[in-house]
Structures are given as C-alpha cells and as structure tokens.
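Below is one structure, written out as structure tokens, with a few remarks after it.
Read-outs: derived from the displayed coordinates by stated rules, not from any lab. Quick caveat: nothing in here was measured; it's all calculated off a predicted structure. Cβ placement follows ideal geometry from the backbone for every residue including glycine, while neighbour counts extend to all protein chains displayed.
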Amino acid sequence: MSDKRRWTAEQIPDQSKRVFVVTGANSGLGLATTRALARKGAHVILAVRDEAKGRRAVEQLTAEHPRAELEVRKVDLADLDSVRAFSAQLHSDHSRLDVLINNAGLMAPPRTLGVQGHEVQFAANHLGHFALTGLLLDLLEAGDNPRVVTVSSPNHRQASIFFDDLNGERKYSPMGYYNQSKLANAVFGWQLHQRLVAAGSPVRSVLAHPGYTSTNLQTSSPVGMVKFVFGRLLLPLAQTPDQGALSQLYAATAPDVEGGQFIGPDGMGELRGAPKRVELAPRAADAATGSRLWELSEELTSVRFGFPAAA
C-alpha cells in the first residue's frame, strides 16, 4: 500500500460499468462514499431505510454530477423481511454485483428491539448485513473483481460478544452493545474471508473503519453522556465524512487490497488520516468465536452461505 498518506478519492480507478451497493447511502459516510464512486463512473445503488431521504441524496449528487448513475432502493437492515425483499428486487433487475459496502449503522440508542425481536444495534449493524451479504453472494460471484467491504470500528478491540445476553435483557449498556455489534462486524468480515478462500470464491472480504468522523451517527440515536461526548465535546477532533470515507473507498477500489485486510486511518490512534492496513483484534480472528457467531447468525437470520467450514 504505497504512498498511503497522500491517497485520496481522486486516486480511485475508473469504475465505469461497475455496480455497487452502499447501505446507509443517504447521509454521512455512505453519502460521501456514493459521491466519490459516482464521480468515477460507478453505478451506485443507494440502499436506504428512508426512500425520501435517499431521493433527496440522489438529487443533490445529480446536481453535482449530472451523469451520475444512481438508484434508490429501500432496505431496513433491522428487519430481515426487508432485507429479503431488497435482495429479491435486486435479483430481478441486476445480473451481477461488483461491490457490496456494508456501511450503515446505529450507535448507542436506548435499548430497543427490532422487528424480529433482536437488540436493534446487533440487528441492524450485524445481522442485517450478514443476511444481505449471504443473499447477494450469487450476484457478487458473477461480478468483476468482486468485494464485500464491512465497516467496523476501533471499538471492536475493547468489545465482547454477549452470547448469553445478546439482547441486553439482563444488563444493557448503549456503548457496550454498540461495541458488541462492531466486534460482530469484524468477526464476520474475517470469517467471511476465511470461508470465501476455502470455497475458492473470487469474492474478497475486506474490513474498514473510518476513525472518528463527524456524522449523524453520533447525534441521531445516542442519548445522555454518549451523545454529549461524541456529538459535542469531541466533535472538533473529528474528520469530515469525505475524509472518513477514504478507508472504505480504498478497501472497495484499490487494486492492491487483499481479502482479510483491515483498512483504517494512519493517524494517531487511528482517529484520522489516510488509509493504511491496520490490525484486527485477536478476538476478532478467534476461530471458536467466529464459528459460534457464524452459526448463531445463520440460525437467527435463516440465511446460509453454503460454504465449507473455515479452516
């Protein structure tokens, strides 16, 4: 990964005729990612929970780039029925998918359960993306240089997966369960890489994190001290979404990226900076944890990838 410090979105190779799905594409990192890809000629499917907001995002991007190839499709990642409907519609209209960017997320809301009864951060941040990836894998297999980019966080390094209390029924901490979901993202991305390699698949699984970036993630769902600290107190230290999106853009498009890599900012504490390869926490690559989470995720989503067991 040469010349990392100066890598910018301008160095994204031409993406003409390539098809991307970006979850949470109507604001923040997702919007910045979509903008950068559209500038390079990509056809980007904005996978959004609120179609009206998605259409407004498309209007904004089209005003900036009149030839942008964009479409809006509804998906609520906290609702597995919505994920299945999104996949079915995409299969009806597209024969291939080149890159899936699992970007959308919730951060530190009050304890809430999703449609299927799962804690909403685990549901939206992990289970929805797990299911979406599995349901779209055949389209990715047909893609050109196909990749799955799953967005995690440095917080995965201080997290645990509460297998005995996934929904926070006994004890719930907004940030503790956010961190759980980000560790689940990291475990999933690594396990997916292992299983894709074992299956001889052309699809690459790459992880990324944006460092500390100013988006509505810090203000839309957090409450109390979490909202104050991340949404106000530390905000002057944050990157812009265009800067924060560089890691996932690099993971999605750079020619030298390999499956299983984790891309994050190169600055102090990985809070900001240009993309570089960063370290995955050992617990994220733990085989027993990975197998347990994968099997549980298949059970909870009823989505099975059909891979041989990871080595």
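Side notes on the structure shown:
- Amide H partners (placed H, <5 Å) of residue 263, local residues excluded: 207, 208, 209, 278
- Here the translational diffusion coefficient of the chain follows from Stokes-Einstein with Rh set to the Kirkwood radius across Cα pairs; for 10 °C and 1.306 mPa s it amounts to 83 µm²/s.
- For the peptides 125-137, 282-294, 162-174, the ranking by packing is 125-137, 282-294, 162-174, with the highest mean count of neighbouring Cβ atoms within 10 Å listed first.
- Shape of region 24-178 from the C-alpha gyration tensor: prolate (a/c of 1.5 or more and a/b above b/c, with a ≥ b ≥ c the square roots of its eigenvalues).
- Mean residue ellipticity at 222 nm, helices only, the chain: -11500 deg cm²/dmol; runs of at least 4 DSSP H residues each add -39,500 (n - 2.57), and the sum is divided by the number of residues.
- Exposure proxy ranking, count of Cβ atoms within 10 Å, fewest first, for 120, 48: 120, 48
- With the convex hull drawn around the C-alpha atoms of region 97-202, the volume per residue stands at 103 Å³.
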